[in-house]
Each structure stands twice: as structure tokens, then as C-alpha cells.
Amino acid sequence: MPRSADPANPPRPDPSRPVPASRSAPDPGALLAWYDRHRRRLPWRAEAGVRQDPYRVFLSEIMLQQTNVVTVTPYYAAFLARWPTVAALAGAPLEDVLSAWAGLGYYARARNLHACARAVVERHGGAFPDTEAALLELPGIGPYTAAAIAAIAFERRAAAVDGNWERVIARLFAVEEALPKAKARLRALALTLLPSSRHGDFAQAMMDLGATLCTPRKPACALCPWRTNCAAHAAGAPERYPVKAAKAARPTRQGVAFLAVRADGAVLVRSRPPRGLLGGMSEVPSTDWIEGGPADPALAAPMALEWQPLNATVGHVFSHFALELAIWRARAPAVTPAPAGHRWVRPEGFDAEAFPSVMRKVLEYIG
DNA sequence: CAGTCGTGGAA
DNA sequence: TTTCCAAGACT
């Protein structure tokens, strides 16, 4: 391959800059040796040299998407205790899965987790397929997760390129192209790093490296097994990589939540539409959430009661907008029937409901 | 392909 | 307080 895209105008050495010392290619063996000494013990990780149950790899990988280890840990333990096998999870009602997932965020993951378990049972007889391509066909399993399961559970040679890999590779090769456009280039570079054995260990070693040494801020380059192979380190600017595109500003939307409290303490609740924001989750009835707020909130009240605006606002930040939710509260008689599509839920039943975090904040105002 | 889709912790 | 960030997938 030519060094320049333009053969008529080949790049010329810049005399004002010294030619950088050539770096040898990163050796996967060096990373694996580091991993053998420093591998983290995590609840979903098998002992060294032992292949992990594909279901456990699957469950942990879905939960870990865009979510910290510390946050995932208790959810992983609860799911594994309640649904120890993919067949058990497939047999559960979706509402149970959603309520167990409540608080973890990105609720499409819970819907897809459940759909995937059912697909594994129905299409594959309850055993996860053991190739990256077949895994990729399952709901909720994308390029990263397919490669991670294939490598960790089945010892397939696959590049499980996650945010850690991207950061490590961007630094190793000083990739100037900005994410997310750079994803294809980073993946191509990742494929050049793969070892010829220990594929599961290598996938996890890359993640450990990114999580413990090659961190976004203040990377511990002095301890890195690939220190001498790293272009960003050689340039003295590891934190400059990966380059990222600017993010869009986050607008603020307003709404009003209607907190109807029955004489016995029950609260009026409904379920959100099955897809989209907080899809399938439980909620206190509210107006639409829109920039500038609803013109006439009273029109959205779930039933005719004496609604009292509280001097309180619930603030919550979603991934792509912030929400300010005013609280209107009303007391309802003991025998008030629930309007169509709604139900009364007493506080003892809250744990069985799929209340996302924003709704748990609203429910603090029961009074 | 850029927008959608949560949450809580750290700096 | 604000910003960024964490083992991404789907449309």
C-alpha cells in the first residue's frame, strides 16, 4: 500500500521535526502476561483458565453496556439468583424483568434481554449459539456483545471493541480521527492486535487495561505493558486520545406529574407505552414533557380531583434532555375506582413496580 | 447516520 | 455547578 493517497505529491520528511524512534507493534503476549498478574476479580468472571457460563457472560455484558461495574454488581447478583438460567429468564413475565431492572437505566436493554432469552430458547434449544455471527442475530446483541460472548464464553477469535479498547487503540496509534467516525478505523486496528490463543483473556485484558491503567484522565503509563509501543505516550499526550466530536447541548423539558393518593395510601399509576423513553415502565400519570412546558396541565389530569400544585419540582437528567417535573397532588376517597389504563398501587407494592428513578423521586411527595 | 435511550459517581 | 464518563444497540 502506498504511503500517500496522492502519488504525485509524496510526503517529505519535515526537517524541523526529528524522526520519531520506530516503535515495535504491540505484543498481545505482553498484555496477557500483565493480565495474569493484575486481572480483576469480578462477579461475572470465571477463575483463571476456566470458561464462563455463556448465560452469565451474556447477562453481565448486557448490564455493563454504558454502565459502571459498581452499579451493575447488585443487579447482576439479583438477576442471577432469581433467574439462574436462560430458560428461567425466558419463562419470566416481562413485567418482572422490568421491575428487577428498574433503576439501572436504558430500559430497552431489559426488553431485549428478555426477548433474547426467549429467542435462545425458541431458536437454539436453550443453548447460546457459539459464533459471533449467530450471536449478532439475537435481539440486544450488537457487534461488541457478540464478540465479547464469542471470545469469553466460547474462546472464539473476536474483537470485542468497547470504549476501553477504543481508548487504548486510539492512544497506541495516536488516531487523530474523532469518534464516533473513527470507530471503523479503530476496529480495523483492533483486528491487527488479536492473539492466536487466549481470546477470552485478551478481550478482558484490554478492558482491564482501559479501566485501570489506560484511563480517560491521568493514565498510569508508567505501569503499562505497552508503554514502549504507544504513540500517544511517545508524544507525551495520552489524554489527547481518543479525539471526540463535540456533543449537542442538552435541552430542558417541563411537565406536571399528577400524584393521586387514595385514603389507604395507594397511588394512581399507569404503564408507559412499550417502546421509546422508559418504554414499558411504570409511572405516575403526567402531562407530556416538552420544552416550555404544557400550555394547560389540567387537561392532562387522569381524573377529576381537587389537584393542589405543590411547591416542589423534581429534577432529573436523561441522556439527551433534562426534565423539570412539577408535582400536583390530590387526595382521593377510599373507594375511588381507577380510570381506564390506570391502577392503584399501595406503597407495599412499589418494589414490584417498574418505577424508573425519576418516578421514585416523584413518589417521595406522597406526603 | 445521527439521534434516541438512564443513571449515578467523579473531577 | 457543570461536565464527562461507564463492558452499546437500535432506528
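The values are calculated or read from the model by the stated rules, or taken from the named source; none is laboratory data. Because the structure is predicted, anything quoted here is derived from the model rather than measured. Ideal geometry is used to build each Cβ from the backbone, glycine not excepted, and the neighbour counts take in all protein chains shown. For the accessible areas, the whole protein counts, side chains as well, though only heavy atoms, and no ligand, DNA or RNA atoms are used. Shrake-Rupley method; radii C 1.70, N 1.55, O 1.52, S 1.80 Å.
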I'd like to verify a number: residues in the range A:129-177 that are of a type in the set (A, V, I, L, M), more than 13 Å from A:Arg187 (Cβ to Cβ), in contact (Cβ under 8 Å) with a residue 60 or more places away in the chain and assigned to a helix (DSSP H, G or I), how many? 5
Taking the range A:347-367 as the region of interest, how many residues are in contact with a strand residue (DSSP E or B) (Cβ under 8 Å, 6 or more places away or on another chain) and basic (Lys, Arg)? 1
Name the single residue that is farthest from DNA strand C (Cβ to nearest atom) among those in the range A:270-286 being open to solvent by less than 40 Å² (accessible area, probe 1.4 Å) and of a type in the set (Ser, Thr, Tyr). A:Ser286
Does the range A:59-85 hold any residues that are more than 16 Å from DNA strand C (Cβ to nearest atom) and open to solvent by less than 50 Å² (accessible area, probe 1.4 Å), and which are they? A:Trp83
Can you tell me which residue within the range A:329-367, out of those that are touching a helix residue (DSSP H, G or I) at 6+ places or on another chain (Cβ under 7 Å) and either among the charged types (D, E, K, R) or assigned to a strand (DSSP E or B) (or both), is nearest to A:Arg109 (Cα to Cα)? A:Glu353
Residue that is within 20 Å of A:Met63 (Cβ to Cβ) and either in contact with a Ser or Thr (Cβ under 6 Å, 6 or more places away or on another chain) or at pLDDT 95 or above (or both), where the choices are A:Ala150, A:Ala159: A:Ala150
With the requirement that a residue be part of a loop (DSSP other than H, G, I, E, B) and in contact with a Lys or Arg (Cβ under 9 Å, 6 or more places away or on another chain), what does the range A:246-286 give you? A:Ala263, A:Asp264, A:Gly265, A:Ala266, A:Pro274, A:Arg275, A:Leu278, A:Gly279, A:Gly280, A:Met281, A:Val284, A:Pro285
Determine whether the range A:287-298 contains at least one residue that is touching a His at 6+ places or on another chain (Cβ under 8 Å), open to solvent by 50 Å² or more (accessible area, probe 1.4 Å) and touching a residue at least 40 places away in the same chain (Cβ under 8 Å). no
Would you mind finding the one in A:Ala134, A:Ala174, A:Ala178, A:Ala182 that is open to solvent by less than 60 Å² (accessible area, probe 1.4 Å), away from DNA strand C (no atom under 15 Å from the Cβ), in the same structural domain as A:Leu89 (by TED's automatic domain parsing) and farther than 25 Å from A:Val69 by Cα? A:Ala174
Note: among A:Ala78, A:Ala110, just one is aliphatic (A, V, I, L, M) and either over 15 Å from the mean Cα position of the chain (by Cα) or away from DNA strand B (no atom under 16 Å from the Cβ) (or both), namely A:Ala78
Considering only residues that are surrounded by 19 or more Cβ atoms within 10 Å (Cβ to Cβ) and small (Gly, Ala, Ser), which ones fall in the range A:101-118? A:Ala102, A:Ala110, A:Ala117
